[in-house]
Amino acid sequence: MSAAKRASLIKKTFTVLKEQFPKVQLPVKDRPILEQLLYACCLENASPDQATEAFSKVQTRYVDWNEVRVTTVSELTEVMGCLPRAAESARNLRRVLFNVYETHFSFDLSFMAKEGLSKTTATINGYYDEIPRFVVNYTVQNGLGGHAIPLSDGALDALEILSIVTPKGRQSGKVAGLERTIAKNKGVEFGSLLHMLGTQLAEDPYGKKTHEILLKINKGCTDNLPVKPSKKSVAAEKEEAGNSKTVARKTTKKKAAPAKKKAAPAKKKAAPAKKKAAPKKKKATPKKKSGRPKKPR
């Protein structure tokens, strides 16, 4: 796809989504930078309402962020259970807290507002290797005033269906020309609208309403729309999975069987010990004969 056609589709996406989600919830701007990072961990694959609920529970359940840092992921997952991917979000949130403290020995990141945007972005990216790009871009956009549109998995899936991003770009999480097409003063609104589309696609990928929104943006994306698997294909997948488990069990049993055969020769080796002890009784018999009286001549 040419750059001009991609830019046209991005602009049309913005127009259609504004019509479909007129009451979109925009991010809170006055949170401290650390809280922007942590809230982004909750929001990545959830709706704003779900993220706000989970974030509020974490804040009220624990005394401070250090207590959250030292808690277990399983406990944190339970607290954040309202999120669609609670375990993943809890792990990311805890890792952010852990690495922020290990890096700065403090949870105060207000100094970042005075540093250059590129340096701050590099610092955030360095907190740990697998920090989600969504978390970084959300913080840059809403905590540092930069122009970086956060893209969740659902949003990237929607852009791939619309042919705005290639499969290779989808894997890397980068959309060519996105920030150039959407002006900085519109970036927050566009990011929020696209996040709503991504959330709806993740919740209801086969729904009529979801497909209608995508087709309004790009009529030619019909072949890319998610297709609900038939009952036969689902049954075939289950049967194939069952067969693979059966084969795995049989293989495990066959591998475990030789262990019993190897243990058997140990009994045979112990038998000769009894045979060696027998000659001792034969040697003792001549002593009894020597004790008999000799006949007189």
Could you work out how much longer the chain between K5 and V24 gets when fully extended? Use 0.36 nm per residue separation minus the Cα distance between them, nm to one decimal.
4.2 nm
Across region 56-63, in residue order, what do the Karplus-derived ³J(HN,Hα) couplings come to in whole Hz, using 6.51 cos²θ - 1.76 cosθ + 1.60 with θ = phi - 60° and x for Gly and Pro?
5, 5, 5, 5, 7, 6, 10, 5
Accessible area (Å², 1.4 Å probe, nearest 10) - Y101:
70
Ranked order, Y127, Y206 - accessible area, probe 1.4 Å, largest first
Y206, Y127
For region 1-97, the percent of all C-alpha pairs falling in each 10 Å bin, from 0 up to the bin holding the max distance, is 15, 39, 22, 17, 7, 0
Dipole magnitude of region 157-224, debye to nearest 20 (Cβ charges: Lys/Arg +1, Asp/Glu -1, about Cα centre):
280
Whole angstrom only: what separates the Cα centroid of region 19-65 from the Cα centroid of region 113-139?
18
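Is there a pair in K23/K216; K18/K184; K18/K228; K29/K208 whose C-alpha atoms are over 24 Å apart, and which pairs would that be?
K18/K228; K29/K208, as the Cα separations exceed 24 Å there.
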Mind listing the phi-derived Karplus ³J(HN,Hα) values for region 129-134, rounded to whole Hz, using 6.51, -1.76 and 1.60 with θ = phi - 60°, and x for any glycine or proline?
4, 9, 4, x, 4, 4
Solvent exposure of region 165-215 as accessible area per residue, Å², 1.4 Å probe
52
Whole-Hz ³J(HN,Hα) for each residue in region 138-154, computed from phi via Karplus 6.51 cos²θ - 1.76 cosθ + 1.60 with θ = phi - 60°, x for glycine and proline: what do you get?
5, 5, 4, 6, 9, x, 10, x, x, 9, 9, 8, x, 10, 7, 4, x
Relative contact order as a percentage, region 1-94, C-alpha pairs under 8 Å and 6+ apart, gives 25
Please report the accessible area of R69 (heavy atoms, 1.4 Å probe, ligands and nucleic acids excluded) in Å², nearest 10.
40
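The values are calculated or read from the model by the stated rules, or taken from the named source; none is laboratory data. Given the structure is predicted, the values throughout are model-derived calculations rather than measurements. Quick reminder, even Gly has a Cβ in these numbers, built from the backbone with ideal geometry, and neighbours come from all protein chains shown. Please note that ligands, DNA and RNA were not included when accessible areas were found on the heavy atoms of the full protein model with its side chains. Shrake-Rupley method; radii C 1.70, N 1.55, O 1.52, S 1.80 Å.
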